[in-house]
Amino acid sequence: MILNRTKNRYRAGLLTLCLIGVSACSTQQHIWQTGPVISLLNGVYDGTVPVSEIRRHGNLGVGLWNKANGEGLVVDGIFYQVTADGVAHVKSDTDIMPWAMVTDFEAERTIELPPGISMQTIADYVDKQLPTINTFYALRIEGEFSYVQARSEPEQKKPYKPFAEVEKQEVKFNFKNVTGVMVGFRSPPYVTNVSVPGYHLHFLNQQRSSGGHVLQFTTKNAVLYLDKVDDFQMSIPDSPEFNRANLDHIMQ
């Protein structure tokens, strides 16, 4: 399947992984991703897909902005960029991303998170309540947190370094006794190099003014809204940078 992208007619193939074993999977709710995460980890930071296209596939999600200039998240259909100064900016339909993962969120289940649940313990607490850990879940956590540590990165310049090097430039933000929302996904372990296995969350405070990629958190009074999604679609980029990238291993 060929899709047009941007005014330069960026083209991409679509890889669909249906985990429900039915012919009508394309009509099901799906997670849509702009490309394999290994390309991002290996320094493919030039944005190719505009917000206008990503918006067609979801109202909740996470991502990274053009030239790795800040963490991205989608909350209630609004696209945010958290830059290296910690400030959250609303983005327009013409802004572009090298990587994003979104879905049309429809909460199927609510789980009260007791005080003290952390990034280290959420899997132990939530996974045993899931019908299976071998599919995808979209997540939205709302409420009060006694602590959140988030990060973002400064804009990168060519020649781009692998993301492991970019992380050394990351700026961390510490929030104490903060109210806000986390959005993201719990992906199965077998998606390594294609997506991000485990819990991948981005944070936005209640004022929608700051946030970032979640490194640590501790709940105070929070609720997890959960949406099981059995259809994963990945748009395969067709850009010079992606086509030349070495994707046989994660570069350090």
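The values are calculated or read from the model by the stated rules, or taken from the named source; none is laboratory data. Bear in mind the structure is a predicted one, so any value in this text is a computation, not a measurement. For neighbour counting, all protein chains shown are included, and Cβ atoms are generated from backbone atoms with ideal geometry for every residue, glycine included. Ligands, DNA and RNA are excluded from the accessible area calculation, which covers all protein heavy atoms including side chains. Shrake-Rupley method; radii C 1.70, N 1.55, O 1.52, S 1.80 Å.
Cβ separations smaller than 6 Å between residues 6+ apart or across chains give the following pairs from the range 126-143 residues that are under 19 Å from Leu113 (Cβ atoms) to residues that are aromatic (Phe, Trp, Tyr) and open to solvent by 10 Å² or more (accessible area, probe 1.4 Å): Ala138/Phe105; Arg140/Tyr225. Exactly one residue out of Gly143, Gly116 is farther than 30 Å from Pro50 by Cβ, surrounded by 16 or more Cβ atoms within 10 Å (Cβ to Cβ), at pLDDT 95 or above and not polar (S, T, N, Q), and it is Gly143.
Just the residues that are touching a Lys or Arg at 6+ places or on another chain (Cβ under 6 Å) and more than 22 Å from Ala164 (Cβ to Cβ), please, taken from the range 203-251. Tyr225, Leu226, Asp238, listed by residue number. Can you confirm whether Tyr160 is surrounded by fewer than 20 Cβ atoms within 10 Å (Cβ to Cβ), under 20 Å from Lys220 (Cβ atoms) and not hydrophobic (A, V, I, L, M, F, W, C)? Here the answer is no, as Tyr160 does not meet what is asked. Taking (1) touching a residue at least 12 places away in the same chain (Cβ under 8 Å); (2) farther than 13 Å from Val75 by Cα; (3) of a type outside the set (Lys, Arg) in turn, Pro197 satisfies each apart from (1). Of the residues making up the range 59-72, not one is surrounded by fewer than 22 Cβ atoms within 10 Å (Cβ to Cβ) and of a type in the set (Gly, Ala, Ser). Put simply, of Asp227, Asp238, Asp231 the only residue that is closer than 22 Å to Ala100 by Cβ and touching a His at 6+ places or on another chain (Cβ under 7 Å) is Asp231.
For Glu106, the stated conditions hold: it is of a type in the set (Asp, Glu) and surrounded by fewer than 21 Cβ atoms within 10 Å (Cβ to Cβ). When Asp95, Asp85 are checked against the criterion of being closer than 21 Å to Pro237 by Cα, more than 14 Å from the chain's Cα centre (by Cα) and charged (D, E, K, R), Asp95 stands alone in meeting it.
Kindly evaluate Gly47 against the criterion of being on the phi > 0 side of the Ramachandran plot and either modelled with pLDDT of 95 or more or buried (at least 16 other Cβ atoms within 10 Å of the Cβ) (or both). In short, no.
The selection criterion, being surrounded by 14 or more Cβ atoms within 10 Å (Cβ to Cβ), under 25 Å from Gly58 (Cα atoms) and either in contact (Cβ under 8 Å) with a residue 24 or more places away in the chain or of a type outside the set (Asp, Glu) (or both), holds for Glu153. From the list Ile54, Ile78, Ile2, Ile38, which residue is over 24 Å from Val126 (Cα atoms), open to solvent by 50 Å² or more (accessible area, probe 1.4 Å) and modelled with pLDDT of 95 or more? So the residue among Ile54, Ile78, Ile2, Ile38 that is over 24 Å from Val126 (Cα atoms), open to solvent by 50 Å² or more (accessible area, probe 1.4 Å) and modelled with pLDDT of 95 or more is Ile78. One residue stands out among those in the range 125-140 that are open to solvent by 30 Å² or more (accessible area, probe 1.4 Å) and among the β-branched types (Val, Ile, Thr): the one that is nearest to Thr179 (Cα to Cα), which is Ile133. Does the range 200-214 include one or more residues that are in contact with a strand residue (DSSP E or B) (Cβ under 9 Å, 6 or more places away or on another chain), more than 27 Å from Pro131 (Cβ to Cβ) and among the β-branched types (Val, Ile, Thr)? Within the range 200-214, none of the residues are in contact with a strand residue (DSSP E or B) (Cβ under 9 Å, 6 or more places away or on another chain), more than 27 Å from Pro131 (Cβ to Cβ) and among the β-branched types (Val, Ile, Thr).
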